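Working notes, beginning with the structure itself.
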Amino acid sequence: MATQTELQPADTTDAFREEVRQFLADNFPEELKGKGNALAGVEGPTAETEPQRKWREAMGARGWGTPTWPKEYGGGGLNRKQAAILNEELAKAGAYNPIGGMGVMMFGPTLLEYGSEEQKKEHIPPICRGEVRWCQGYSEPNAGSDLANLQTTAEDKGDHYLVNGQKTWTSGGQWADKCFCLVRTDRSDKHRGISFLLIDMDSPGVEVRPIQMISGMSPFCETFFTDVKVPKENLVGEEGQGWTIGKRLLQHERTNLSGGGSMARLMGQSVSDVAKKYLELDDGGEIADKVMRDRIADFEIRWGSFLMTARRATEESKAAGGVSEISSVLKKLGTKLGQERAEMLIEIMGLQGLGWEGEGFSESELAGVRAWLFGKATTIYGGSTEIQNNIIAKRVLGMLDHQ
Amino acid sequence: MAVLNEEQEMLRDMAREWATNESPVTEFRKVRASGEPEAFDRGAFGNMAEMGWTGVIIPEEHGGSDFGWLSAGLVVEELGKTLTASPLIQTTIAAAAIVLGGSDEQKAKYLPKLASGEMIGTLAIDEGARHDPSKIATSVSGGKISGTKAFVHEAHGADLFVVASTDGLYLVEKGDGVSLSTRKLTDQRSHADVTFDGASADKLAGGGDSLLDDVLDRARILTACEMLGMAQQVFDTTLDYLKQRVQFNQVLATFQSLQHRMADLFGDLAMMRSAVEGGLQALDSGFGVARAATIAKAEANRVLHTMSREGVQLHGGIGMTDEYDIGFYLKRARVLEASFGSTSYLKNRFAKLGGY
Ligand SMILES: Cc1cc2nc3c(=O)[nH]c(=O)nc-3n(C[C@H](O)[C@H](O)[C@H](O)COP(=O)(O)OP(=O)(O)OC[C@H]3O[C@@H](n4cnc5c(N)ncnc54)[C@H](O)[C@@H]3O)c2cc1C
């Protein structure tokens, strides 16, 4: 067990904590307390209010929305310890991080690793300030789990690429400014014929058509590219290196989107807290329904152990220098538990937990139903659970394809 | 599949043909798009009544066919497959309550109308969001009933409510002293809180002390039949999809991990079918109904829950779209799962019935 002094090695952390508190006192608008919307990333931009804008700009200017990213590109330049303190203090103040989305979670870290100096200078600072929305142009109708089968082509036209093809399930495509895209630059090799290209969504020839989801929202799109001209400097890495870069990005996606951290944040209250509000308690304040009590305890034990796994894995992979295959394990476990949790909550609430609209349901109940339905996607996107199992079996455990 | 007699086979085939041709899921989409709180097609329900489906468990002397519960279940299962929106189940349960507990006069007054589809009935039991028939505050005094019932299925179309009160079940007709407050649930069907404010109530005085439980057992079993149809359909649709979708230059159905998943689901479906048919047979034989009903609904909850989740998962991204039907099954599944006994309620009840 760590002692107090080991946990807080130097006064510098105290000074930093003080700095954060002061910053929050000066900049965090009181009326935004507890208002972070967990589904904002998938529901699209709601018109930003003045306080929201101010808060985003304040965090962006400090680079604290992307706390560990290098300062020179607009990040916070914090070490891990400081980033942890920042998170703690935000939580204490009821504040949320207003800067997120695919640019922060997936694209930024990948570009920092593979991008050219010019590309980093151009694209990272606006991400840190929360000024651009990125979308992911990976999947196609016949390239889902088999992503490398993608057929959208980028033809070399000397000073630019000419892009033609169709992407699908593009989350937030209708709101995005830019798209990081996997395209085919060579037909002769399935994997080495793929390149990583950045496309402006307002380029002529880009068309998006939103698709309605079972949760009633329409946050994802079919995206069509017809003779879209993309400047050569928008190629990340070398031509043909797209598969390697694209996979690295997926590791970030898996760790971030579906692993421990964001999941825990998405989840808010514990299941037992909710249960105590909706279920009958006995005289001792315990949940009267014995079966439900047992199931809630069973879930919370596994959830607790998942959070510890997520923390350990994150620490270990950071110590080893970045994301790793362990992201597949986290994604597989975290998304399953997240879905179980949502199912359990609606069961606890009974029919009150299944409202679609209209009278008699609180905002959080209605949001819970949508989140339950949307959450079914977490085991599908970013590489489905089945694909994570394949990755774990083959790449982590060294089990072979059947011959 | 239970061994059916010729009559039952004909009934099932007729129901299957009608559901497939006249009431595919596109019909449910129309109901949904209409936005009507009643949420079913009167014309389609009229067809069902003409085919005799509203009278399957009603004695011949009162205008039914008295074909029995297994027969009723076969029809409901077929309609569940295509998510046909109708008050057939609720009307059947209301009729069952009258068959079990009604006086000759009540039977003569209501059963023929329920059998012909002229009248729609429903159960109004629970007073909270979770099924719990031990918690009833609605009471009757001087033939007038007062209280509020939560999440009553098919309330908007109902002409007759079978209402649980502190001293038994009552029949209440739509009219003075009955008001509805719509509760729109994720399955987009008719649900409402129904308030009885001094409405005239006619007691079902027969049927003994267990009348409420007996009626609820029938509701559990018939609900499980709808769930069985849904589970079967999700399974079949998913299997078809896996046999057709190509990734990695192979149809998905060739992947062993998916084969094993489908084999597991197939086993679960077999268990669910036995449990549901066992419930129907218990009703027809009049033996061991409470235990059989608990098993039927608990297994229906368990298997449809898994099946509906796996159905979406195995379809991948397309399963998340509103354009594709599979999500409808997921949404309806959770509503039925919570109705007339959630899994935890049924497990506790099962243990109580077993004396432990
Ligand atoms: C809400 C949502 C948002 C998304 N957002 C984006 C986005 O922004 N950008 C983007 O590019 N994509 C996005 N996607 C697409 C997502 O990445 C794909 O849906 C996913 O990769 C699965 O592909 P598929 O839908 O074609 O399913 P399929 O590949 O057809 O898979 C169907 C089923 O078969 C299983 N399966 C497939 N191959 C195997 C195998 N070898 N072994 C075992 N099982 C297998 C799958 O796991 C799945 O259960 C999104 C999807 C959803 C649902």
* Structure fact -> Length-normalised contact order of segment B:121-203, Cα under 8 Å, at least 6 apart, in percent, tallies to 34 percent
* What are the lysines whose alpha-carbon lies under 19 Å from the alpha-carbon of residue A:157, with same-chain residues fewer than 8 places away excluded? -> A:229, A:232
* Asked: How high is the relative contact order of chain B, given as a whole-number percent (alpha carbon pairs under 8 Å, six or more residues apart)?
  -> 16 percent
* **Carbon/sulfur fraction of accessible area - segment B:196-277, other protein chains in place, 1.4 Å, %** => 50 percent
* Put +1 on the Cβ of every Lys and Arg and -1 on every Asp and Glu Cβ in chain A; which of A:51, A:321, A:170 then has its Cα farthest towards the positive end of the dipole? -> A:321
* Structure fact -> One computes Rg over Rh for segment A:258-396 from alpha-carbon atoms, with the Kirkwood Rh, and obtains 1.04
* **Three-way shape label, segment A:82-125, alpha-carbon gyration tensor, a/c 1.5** => prolate
* Within 10 Å of each Cβ of B:310-320, how many other protein chain Cβ atoms are there on average? -> 6
* Dmax and Rg, reported as Rg then Dmax, of segment B:66-180 (C-alpha, Å) -> 14.4, 45
* To do: May I ask you to find the residues of segment B:338-356 that are shielded by at least 40 Å² of accessible area once the whole protein assembly is considered instead of their isolated chain (probe 1.4 Å)?
  => B:344, B:348
* Structure fact -> Classified through the alpha carbon gyration tensor (a ≥ b ≥ c as square roots of its eigenvalues; rounded if a/c is under 1.5, else prolate when a/b is larger than b/c, else oblate), chain B comes out prolate
* **Inter-chain shielding of A:227-238 (mean C-beta neighbours from other protein chains, 10 Å cut-off)** => 0
* Structure fact -> One would report the antiparallel percent of DSSP beta bridges in chain A, rounded to the nearest 5, as 85 percent
* What are the residues of segment A:380-397 that lose 10 Å² or more of accessible area, with a 1.4 Å probe, going from their chain alone to all protein chains? -> A:380, A:386, A:387
* To do: Go ahead and estimate [θ] at 222 nm for chain A from helices alone: -39,500 (n - 2.57) per DSSP H run with n ≥ 4, summed, over the residue count, rounded to 500.
  => -13500 deg cm²/dmol
* Asked: If you line up the long axis of helix B:88-101 against the longest principal axis of chain B, both from Cα atoms, how many degrees apart are they, to the nearest 10?
  -> 40 degrees
* At a temperature of 25 °C and a viscosity of 0.890 mPa s, determine how fast chain A diffuses translationally according to Stokes-Einstein, using the Kirkwood radius over alpha-carbon pairs as Rh; express D in µm²/s, rounded to the nearest whole number. => 107 µm²/s
* Over chain A, what is the relative contact order in whole percent, taking alpha-carbon pairs under 8 Å and six or more residues apart? -> 12 percent
* To do: Order the peptides B:25-37, B:288-300 from the highest to the lowest mean number of other Cβ atoms within 10 Å of their residues.
  => B:288-300, B:25-37
* Enter the angle in degrees (range 0 to 90, nearest 10) between the Cα long axis of helix B:343-353 and the first principal axis of the Cα atoms of chain B, meaning the one along which they spread out most. => 60 degrees
* Asked: Roughly what angle does helix B:211-244 make with the longest principal axis of chain B, taking Cα atoms, 0 to 90 degrees, to the nearest 10?
  -> 20 degrees
* **Listed peptides B:212-218, B:149-155, A:151-157 by packing density, highest first (mean Cβ within 10 Å)** => B:149-155, B:212-218, A:151-157
* To do: For every helix of n ≥ 4 consecutive DSSP H residues, a contribution of -39,500 (n - 2.57) applies; sum these over chain B, divide by its total residues, and give [θ] at 222 nm rounded to the nearest 500 deg cm²/dmol.
  => -18000 deg cm²/dmol
* **Value of D in µm² per second that Stokes-Einstein yields for segment A:134-239, Kirkwood Rh from Cα pairs, at 25 °C (0.890 mPa s)** => 179 µm²/s
* Asked: What share of the DSSP beta bridges in chain B is antiparallel, in percent to the nearest 5?
  -> 85 percent
* Structure fact -> Cross-link reach from residue B:203 to aspartates and glutamates, straight Cα distance under 13 Å and at least 8 residues apart if same chain, gives B:104, B:105, B:167, B:173
* Under a GNM of chain A (C-alpha, springs under 10 Å), which listed residue has the highest mean-square fluctuation: A:111, A:279, A:182? -> A:279
* To do: Express the accessible area of the protein assembly as shown per residue in Å², computed with a 1.4 Å probe while the remaining protein chains stay in the model.
  => 43 Å²
* chain A, accessible surface, carbon-and-sulfur percent (1.4 angstrom probe) -> 50 percent
* To do: Report the charge-dipole magnitude of segment A:134-239 in Debye, nearest 20, computed about the Cα centre from +1 at each Lys and Arg Cβ and -1 at each Asp and Glu Cβ.
  => 220 debye
* To do: In vacuum, with every alpha carbon of the protein assembly as shown counted as one equal point scatterer, what does the Debye formula give for log10 I(q)/I(0) at q = 0.07, 0.11 Å⁻¹? Two decimals, please.
  => -0.58, -1.19
* Asked: Sorted by mean Cβ packing within 10 Å, highest first, what order do the peptides A:243-256, A:135-148, B:99-112 take?
  -> A:243-256, A:135-148, B:99-112
* Structure fact -> Once the dipole of the protein assembly as shown is set up from charges on Cβ (+1 Lys and Arg, -1 Asp and Glu), the residue from the list B:238, A:208, B:339 lying farthest towards its positive end is A:208
* Please name whichever of B:33, B:96, B:68 sits farthest to the positive end of the charge dipole of segment B:6-116, dipole taken about the Cα centre and charges placed at Cβ: Lys and Arg +1, Asp and Glu -1. => B:33
* Structure fact -> In debye to the nearest 20, the charge dipole size for segment A:266-372, taken about the Cα centre with +1 at each Lys and Arg Cβ and -1 at each Asp and Glu Cβ, equals 660 debye
* Structure fact -> In segment A:205-220, accessible area falls by at least 30 Å² from chain alone to full assembly (1.4 Å probe) for A:212, A:214
* To do: Give the shape of segment B:121-203 as rounded, prolate or oblate, defined through the alpha-carbon gyration tensor: a ≥ b ≥ c are the square roots of its eigenvalues, a/c under 1.5 means rounded, and otherwise the shape is prolate if a/b is larger than b/c and oblate if not.
  => oblate
* To do: Please give the average number of partner chain Cβ atoms lying within 10 Å of the Cβ of each residue in B:182-193, rounded to a whole number.
  => 5
* Asked: Can you give the charge dipole size of segment B:6-116 about its Cα centre, rounded to the nearest 20 debye, using +1 on the beta carbon of Lys and Arg and -1 on the beta carbon of Asp and Glu?
  -> 520 debye
* Structure fact -> Computed for A with B: buried accessible area summed over both chains, 1.4 Å probe, rounded to 100 Å², at 3600 Å²
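The values are calculated or read from the model by the stated rules, or taken from the named source; none is laboratory data. Everything numeric in this text was worked out from a predicted model, so none of it was measured. Backbone-built Cβ (ideal geometry, glycine too); neighbour counts: all protein chains shown. The area values use the complete protein model at the heavy-atom level, side chains included, leaving out ligands, DNA and RNA. Shrake-Rupley method; radii C 1.70, N 1.55, O 1.52, S 1.80 Å.
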